[in-house]
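**Q** Sending over a structure as structure tokens; questions will come in a sec.
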Amino acid sequence: MTTNKLPPHNPEAEEAVVGSLLIGGEIGDASHLVPDDFYTERNSFVFAACKSLSERSVSINQITAAEELDRMGKLEAVGGAAYLSHLIAECPTSMDLVYYAEIVQRTSVSRRLISAAGKIAEIGYRADPNLPKSLDKADEALLEVRKRGVPSPIVTPKDRALRMSDRYDELSARDRGVVISTGLIDLDYRLGGGFYDGDFILLGSRPSVGKTSLLQFLAKNIAEDRKVLFCSGEMSIESISDRDVAALTGVHISTIRLGNYPEDLHAKIADAWGQLSQREIYYYEDMPLTVAKVAQAANTMQLRYGLGVIIVDYIGMLDDEYGQGEYERISFISRRLKQLARKFNVPLIAAHQLNRALEAREDKRPQLYDLRGSGKLEEDADDVLFLYRDDYYYTAEEWADRYPDKKYPEGIVEILIAKQRQGEANRLVKVLYEPTHQAYLNLKKEGAL
């Protein structure tokens with residue numbers, strides 16, 4: 001097979017990979033590459049030099065790379081130290097090394113695929129009477145491409161044992177294992193300690209019951225140990241900040257939003273934003289929000305700052321278009337969010353608004369069938385938590401008429417664990433919501449019951 005087309009390659013991405021390594025990029029971000037993946041010979045030589053330095057635990061920079069290339073007899077072939085200077089000048093940051101490496105790998109696999117196609121064509125032209133043998137050779141040619149393309153999805157018994165060894169050695173060395181505390185003692189207990197990496201946690205309620213407030217509370221507590229990515233399709237960072245400042249100052253949010261503060265309140269607000277600057281919560285604000293943008297933000301966060309938890313507020317506000325109706329759209333979003341939790345191996349907590357049909361029932365506590373839009377949410381989620389408040393549905397007077405012998409449950413929030421993949425479901429936890437500081441308190445600890 002002949003063609004006048006140049007084989008697939010991307011010289012800019014190749015230069016960006018080796019340039020990133022020369023200015024401090026982590027070679028682990030390009031560990032899946034080999035020198036033959038580079039189409040341009042001199043980039044292949046520079047990458048080989050960097051790999052050699054890394055294997056000997058030698059720091060990679062312009063001086064050590066030039067010395068290694070000289071040792072290999074390739075310094076003149078790449079264009080000398082001047083070419084290394086060019087690579088550094090053209091690559092101002094190494095933050096996106098993983099993306100550059102993906103481009104280099106993709107074009108390399110494309111070239112190998114073209115080569116394999118040529119080999120298969122030759123096998124076909126030979127018209128070997130031994131058909132099974134010809135097909136085996138064709139399979140071998142494609143298998144070689146697959147080996148370089150993506151890691152095998154098959155985990156051998158030996159591979160599994162090695163992964164188990166790493167996992168349980170790491171768990172044994174940790175004081176609290178890998179569980180992430182919610183900050184609520186009873187909820188942690190019912191969830192087997194809290195949230196776990198790779199889990200998709202769904203938090204559902206009717207509007208204004210407290211989904212966003214609980215998400216902010218969880219983010220604040222989790223941020224003490226991990227870095228949190230908070231993606232809100234409903235509220236701007238300014239609106240979220242107003243809530244946080246109100247919580248820290250103990251001043252009603254309407255006063256915070258109004259402005260024209262007296263001097264003492266302005267000082268409290270300044271102290272509040274100082275405290276907020278120390279919280280490891282990172283916000284994504286590009287609108288409209290989609291699952292793809294959440295994935296992109298998580299990728300960037302993981303590479304630049306580290307990533308511990310993803311929070312999405314809320315599913316109904318995601319702007320993804322898919323399928324023929326709301327059921328297919330929500331199903332698509334649900335499955336993608338689950339995949340993101342697995343891909344980044346962090347808990348992904350997403351809020352969801354429940355179907356209004358529950359308002360017609362006598363007992364308005366949510367059930368799994370109240371999940372709005374798609375049964376896929378129930379299927380994909382590892383944990384499903386519902387929020388319910390009696391004081392959302394009844395005033396104090398209505399409560400007294402209905403239940404004269406029961407104390408009005410003002411501020412009492414019921415968290416129903418409707419599903420738990422690795423534990424018992426249909427368990428109820430009660431917490432106290434304190435609106436002044438927008439905090440959730442442990443009832444037992446606080447002595448409210």
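**Q** What's the number of the condition PRO409 fails, among (1) in a strand (DSSP E or B); (2) closer than 16 Å to LYS364 by Cα?
**A** For PRO409, the failing item is (1).
**Q** Separate question: Find the helices (runs of 4 or more DSSP H) located wholly in the stretch 279-393 whose residues include 2 or more that are surrounded by fewer than 22 Cβ atoms within 10 Å (Cβ to Cβ) and touching a residue at least 40 places away in the same chain (Cβ under 8 Å), and list them.
**A** In the stretch 279-393, 291-304, 326-344, 376-380 are the helices (runs of 4 or more DSSP H) which contain 2 or more residues that are surrounded by fewer than 22 Cβ atoms within 10 Å (Cβ to Cβ) and touching a residue at least 40 places away in the same chain (Cβ under 8 Å).
**Q** Just a yes or no: is a residue in the stretch 71-88 touching a helix residue (DSSP H, G or I) at 6+ places or on another chain (Cβ under 8 Å), closer than 22 Å to SER108 by Cα and loosely packed, with under 15 Cβ neighbours inside 10 Å?
**A** Within the stretch 71-88 (the criterion being touching a helix residue (DSSP H, G or I) at 6+ places or on another chain (Cβ under 8 Å), closer than 22 Å to SER108 by Cα and loosely packed, with under 15 Cβ neighbours inside 10 Å), the answer is yes, since at least one residue qualifies.
**Q** Find the residue count for the stretch 392-442, including only residues that are within 30 Å of ALA272 (Cα to Cα) and touching a strand residue (DSSP E or B) at 6+ places or on another chain (Cβ under 8 Å).
**A** 14
**Q** Right, something else. Before we move on, is GLY198 of a type in the set (Gly, Ala, Ser), outside any helix (DSSP H, G or I) and closer than 23 Å to GLN296 by Cβ?
**A** yes
**Q** Counting just the residues of the stretch 1-50 that are of a type in the set (Val, Ile, Thr) and closer than 15 Å to ARG111 by Cα, which one comes out farthest from the chain's Cα centre (by Cα)?
**A** Within the stretch 1-50, the match that is farthest from the chain's Cα centre (by Cα) is THR2.
**Q** Identify the single condition in (1) out of contact with any helix residue (DSSP H, G or I) (no Cβ under 8 Å at 6 or more places or on another chain); (2) more than 18 Å from THR212 (Cα to Cα); (3) of a type outside the set (A, V, I, L, M) that GLU424 does not satisfy, given that it satisfies every other one.
**A** (1)
**Q** Can you confirm whether VAL58 is surrounded by fewer than 21 Cβ atoms within 10 Å (Cβ to Cβ) and outside any helix (DSSP H, G or I)?
**A** Against the criterion (surrounded by fewer than 21 Cβ atoms within 10 Å (Cβ to Cβ) and outside any helix (DSSP H, G or I)), VAL58 qualifies.
**Q** Right, here's the next one. Which of the residues belonging to the stretch 73-103 are assigned to a helix (DSSP H, G or I) and touching a Phe, Trp or Tyr at 6+ places or on another chain (Cβ under 7 Å)?
**A** ALA77, VAL78
**Q** Report the residue count in the stretch 224-247 for those that are modelled with pLDDT of 90 or more and outside any loop (DSSP other than H, G, I, E, B).
**A** Selection size over the stretch 224-247: 4.
**Q** Name, by its number, the condition in (1) assigned to a loop (DSSP other than H, G, I, E, B); (2) within 30 Å of GLU122 (Cα to Cα) that does not hold for GLY25.
**A** (2)
The values are calculated or read from the model by the stated rules, or taken from the named source; none is laboratory data. Predicted, not measured: the structure shown is a model, and the values here were computed from it. Because the Cβ atoms are built from the backbone with ideal geometry, glycine has one as well, and the counts that use them run over all protein chains shown.
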